[in-house]
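To start, the structure itself, in structure tokens.
Every number in this text was worked out from the coordinates using simple rules, so none of it is lab data. Please read these numbers as outputs of a predicted model, since none were measured by experiment. Here the Cβ is made from the backbone with ideal geometry for all residues, glycine too, and neighbour counts use every protein chain on show.
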Ligand SMILES: [Fe+2]
């Protein structure tokens, strides 16, 4: 996904001997994609990395988002006002929307993960609406803070260690095909172009510490929506070195350098990540359009082959009323959408926006969960009618 990096001790050539100081042979561990044809990372362990065994615990089937909206409506889901005590780890995420390409969940954990986790169902991309802590992985630690995206490659063993006192409120995307940076941001050798909205320096790769034993031996694997508990025979954090292009990272939303146009530019200019069927865009504070007759607010539009989801994080949103920090809107294909009454006219002459938001354009229709239904603001669809009066988020 990103350029090759290297940490710790590695031998001169792959698949050759690397020894510990006492002469013991260390164990190579190839983490590959697309079989053996895609990006890969090679790690070197003190112990055998493949000794985990399933426990006698019954597998846990996670409920999918099952029902499509019963009526074609623009939807607004409000994040819970207090910590979402869903269920203990590893069932601590509340799935809201899902299709074959992506599952969108909320997580508001109050405790560090008490076991390791590896998700074989897809890459994970977190947006940390609030919170701070450390993503601890097989390949090292990545610290995160409010406003960061955090990427965890498919099946990478990890756990989250929360900073004391920090309120955690995360948007969690599970992407069933590999997360990528848009290809148009790369030059002919794969380097990020000089006109890309970010540079390689903006991605914070892991710090590899000396092998450590946290005393944890439980590992939960997720595959096909089912969680299975495994027991490790030793600490998995025994990697002495690695190199490759597959590794977790953090990227601050505010590191995204937005494009600004003379007239309104469509959302794909804010593209940050992509995966099959999903375009992920970042809206960050920026000057607005500078044509003397520009209308800064987005125009009403019928983007007829995508479902659009917006997660509102911070700032005032020029086009929408009634949404606030933590709000999630879902505008399905099939009906036009656009600004709330007055926003279009009111945006004339606006010079700046301080909005901070994450947007998904999804090519497959999204189903929603019972949890989403319980968080729905029922007045939202009607709030786009000018005569409907003021709107409440409920
Ligand atoms: Fe839209």
Would you list the P(r) distribution for the stretch 106-235, with all Cα-Cα distances sorted into 5 Å bins from 0 and each bin expressed as a whole %? 2, 9, 17, 21, 21, 15, 8, 5, 2, 0
Descending packing, highest mean Cβ count within 10 Å first, for 342-348, 188-194, 247-253 is 247-253, 342-348, 188-194
For the stretch 1-66, what D do you get in µm² per second when you plug the Kirkwood radius from alpha-carbon pairs into Stokes-Einstein at 10 °C and 1.306 mPa s? 104 µm²/s
What are the extents of the Cα atoms of the stretch 165-219 along their three principal axes, listed from largest to smallest and rounded to whole Å? 46, 29, 28
So the pair-distance distribution of the stretch 1-145, from every Cα-Cα distance in 5 Å bins, comes to percents of 2, 6, 11, 16, 16, 15, 13, 9, 6, 3, 2, 1, 0, 0
Quotient of Cα radius of gyration and Kirkwood radius for the stretch 105-151, i.e. Rg/Rh, equals 0.92
Count the DSSP beta bridges whose two residues both fall in the chain, then state the antiparallel fraction as a percent rounded to the nearest 5. 95 percent
Taking Cα atoms of the chain, Rg/Rh with Kirkwood Rh, to two decimals? 0.99
Rounded to a whole number of µm²/s, how large is the Stokes-Einstein D of the stretch 303-375 at 37 °C and 0.692 mPa s, given Rh as the Kirkwood radius over C-alpha pairs? 241 µm²/s
How long is the stretch 207-293 along each principal axis, judged by its Cα atoms, biggest number first, in Å? 67, 33, 22
Tell me, what is the percent relative contact order of the chain, built from C-alpha pairs under 8 Å that lie six or more residues apart? 21 percent
For the stretch 201-348, the Rg and Dmax computed from alpha carbons only, in angstrom: 21.8, 68
Please give the contour-minus-distance gain from residue 180 to residue 303: 0.36 nm per residue of separation, less the Cα-Cα distance, rounded to one decimal in nm. 42.0 nm
Helix-derived mean residue ellipticity, 222 nm - over the chain, DSSP H n ≥ 4, -39500 (n - 2.57), to 500: -500 deg cm²/dmol
Taking 0.36 nm per residue of sequence separation and subtracting the Cα-Cα distance, how much length would be gained by fully extending the chain between residue 4 and residue 276, in nm to one decimal? 95.6 nm
Extension reserve of the residue 348-residue 57 stretch, reckoned as 0.36 nm per residue once the Cα distance is removed: 98.7 nm
